[in-house]
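Q: Quick one: structure below, then a few questions.
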Amino acid sequence: MSDQLNALTQHLYEQGYTREHHPDTVYWSDWQNFGYKWEVMLGFTWETPCGLLIEGQSGAGRSLASSDVFYQHVWYCPENDNPLMLCPHGRKNCEHIPKGLPLVMCPCHQTQRSYVYECSVEKIEAEQTKEAHREYMEITGGSYCACVVNHNGYAGGRCEIKYDVAMCIQCQCKNPVCVIHKQPRDLSKVNIFYDVRRTWITRIGFLEEKEVEVTKGLKLFKRPVARTDAEIWLKTREAKRNPLTSQSVIEQPKKTPEDRRQEYFSKHHRKYSGYDYFEFHYEVENIRIARSEQRDLLQDLQDTAEGIEVVHAIDLDKTTAAKKRAARARRQKLKAKKAQKALLPPKKSEEIEQFSLFQSELGSKTIKQ
């Protein structure tokens, strides 16, 4: 494509224009081609092969102005008077679509016809949007639902149902009755909690040691979700989980960089930090749905008695938050000191030094007298 001259450039060259001398409606777009200026293309009126008009300032006209496709040795762009546009009717068997093109798009061209809304792409798009909205409202009953997509791209059709509980959680769906399943939803706020068990097995010579640490109360979601969504999410993951490839329904637990580093050494090298043998295990356990994390003191004492180090995620979060607050206070203190220093006269130290020198000289003169 870079070796081709577009039709606009060829036409300007034939009229005697050069790179340095050319009309104000164009600009030198790359190392060998001219291009229409954006504000110029907004004043164009385009026409589809089937006779529909497109206003340059409309959304469809702007998409044509930025269209640039190279397919089967043909350059489709405004400068070649053949920019591609998605067929507003979605006719996959249209004769005007370039043969073999995977998308339902047809080349358009500039026209001198006066723009008429009744014979335009904008009218068809407005009617389709209105129809899609009507269909959407019929499905949802007037409620918003993230699982109802009112435009499914190039595949055709204007409305499609794609139920995904992850979308419900992401959009924080508040519908008391599910639009898709027509079942009541429990909107009480909960989260999915889980524990992480870390196990280190090390050996130096014949001395082998095993350490176990359990971090309890890790949250899966950053913010609370509806109980119904949490239950469906957990059941869906349990049904999809392959025991041979996944150890837990939580596929991406909160591993630290050190966890990943130790897993790598344990899997590939079996040596770590001077040990003759090193083995590390990271396991997710005790997955549950709860409104808030509740500590089981008896279980904590039992784990501690068995030599397991127990850590609670909420304590780690508090420690991290305290460190952040302390660091913020230090920064604010330093900033205040800098501001106070900036308010002082810049040469005050020099003035004090000169005054001291003056006093010493005055004292010496008094002694001489």
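Every number in this text was worked out from the coordinates using simple rules, so none of it is lab data. Being a predicted model, the structure only gives us computed values, none of them experimental. Positions of Cβ are backbone-derived with ideal geometry, glycine not excepted, and every protein chain shown enters the neighbour counts.
Q: Between beta-carbons, use under 15 Å as the cut-off and find the net charge around residue 28, counting Lys and Arg +1, Asp and Glu -1.
A: -2
Q: Okay, next question. Which lysines, on any chain, are close to residue 222 with Cα under 30 Å apart, when same-chain ones fewer than 8 places away are left out?
A: Within the straight-line limit of under 30 Å, residue 222 reaches these lysines: 162, 174, 182, 189, 235, 240, 254, 255, 318, 323, 324.
Q: What FRET efficiency comes out for residue 242 versus residue 164 if R0 is 25 angstrom and r is the Cβ-Cβ distance? Round to the nearest 0.05.
A: Efficiency, from the Cβ-Cβ distance: 0.80.
Q: Let me ask something additional. Quick one: which residues, 5+ away or cross-chain, put their amide H under 5 Å from the amide H of residue 290? H built at 1.01 Å from N.
A: Residues meeting the amide H criterion: 191, 193.
Q: Relative contact order for the chain using alpha-carbon pairs under 8 Å, separation at least 6, rounded to a whole percent?
A: It rounds to 11 percent for the chain.
Q: Could you give the length gained by full extension between residue 30 and residue 4, i.e. 0.36 nm per residue of separation minus their alpha carbon distance, to one decimal place?
A: Full-extension gain reported as 8.2 nm.
Q: What FRET efficiency comes out for residue 322 versus residue 276 if R0 is 41 angstrom and r is the Cβ-Cβ distance? Round to the nearest 0.05.
A: Values: r = 39 Å, r/R0 = 0.95.
Computed FRET efficiency for residue 322 and residue 276 comes out at 0.55.
Q: Same structure, new question: Hey, rough spin-label estimate for residue 235 and residue 126, points 7 angstrom out along Cα→Cβ, what's it come to in nanometres?
A: Placing both labels 7 Å along Cα→Cβ, they lie 4.6 nm apart.
Q: Using the Cα gyration tensor of segment 246-292, with a ≥ b ≥ c the square roots of its eigenvalues, what is the shape: rounded (a/c below 1.5), prolate (a/b larger than b/c) or oblate (neither)?
A: Prolate.
Q: Quick one: 296, 229, 276, fewest Cβ neighbours within 10 Å first, how do they rank?
A: 296, 276, 229
Q: Additional query: What full-extension length gain, to one decimal in nm, is calculated for residue 343 and residue 181 as 0.36 nm per residue of separation minus the Cα-Cα distance?
A: Taking residue 343 through residue 181 to full extension adds about 51.6 nm, to one decimal.
Q: Under a Cβ-Cβ cut-off of 13 Å, what is the net charge of the residues other than residue 46 that fall near it, where Lys and Arg count +1 and Asp and Glu count -1?
A: That works out to -2.
Q: Test of understanding: ordering 206, 221 by Cβ neighbours within 10 Å, fewest first, what list do you get?
A: With the sparsest Cβ surroundings first, the list reads 206, 221.
Q: Another question about this same structure. Under the Karplus relation 6.51 cos²θ - 1.76 cosθ + 1.60, θ = phi - 60°, what is the ordered set of whole-Hz ³J(HN,Hα) values for segment 132-146, x standing for Gly and Pro?
A: Those phi angles translate into 5, 5, 4, 5, 4, 5, 5, 6, 8, x, x, 9, 7, 9, 5 Hz.
Q: Now for a different question. Counting other beta carbons within 10 Å of each residue's own, what order do 209, 79, 47, 125 fall into, fewest first? Please list the in-between numbers first.
A: Values: 209 10, 79 22, 47 19, 125 14.
If I rank by nearby Cβ atoms, fewest first, I get 209, 125, 47, 79.
Q: Two decimals is fine: what is log10 I(q)/I(0) at q = 0.06, 0.08, 0.11, 0.12 Å⁻¹ for the chain, from a Debye sum with one equal scatterer on every Cα and no solvent?
A: Log10 of I(q)/I(0), two decimals: -0.59, -0.83, -0.97, -1.01.
Q: For segment 8-21, what does the Karplus curve 6.51 cos²θ - 1.76 cosθ + 1.60, with θ = phi - 60°, yield as ³J(HN,Hα) per residue in whole Hz, taken in order and with x for Gly and Pro?
A: After applying 6.51 cos²θ - 1.76 cosθ + 1.60, I find 4, 5, 4, 5, 5, 5, 5, 8, x, 7, 10, 5, 7, 10 Hz.
Q: Rg/Rh for segment 205-353 to two decimals, with Rh computed the Kirkwood way over all alpha-carbon pairs.
A: Numbers: Rg = 24.5 Å, Rh = 20.6 Å.
Reported Rg/Rh (Cα atoms, Kirkwood Rh): 1.19.
Q: Would you mind giving the three semi-axes, in whole Å and largest first, of the ellipsoid equivalent to segment 7-121 according to its Cα gyration tensor?
A: On the way: eigenvalues 135, 62, 23 Å².
Calculated on Cα positions only, the semi-axes equal 26, 18, 11 Å.
Q: Which ³J(HN,Hα) values in Hz, rounded to whole numbers, follow from the phi angles of segment 116-129 under the Karplus curve 6.51 cos²θ - 1.76 cosθ + 1.60, where θ = phi - 60° and Gly and Pro get x?
A: Computed from phi, the couplings for segment 116-129 are 10, 4, 5, 10, 10, 5, 4, 5, 4, 5, 5, 5, 5, 5 Hz.
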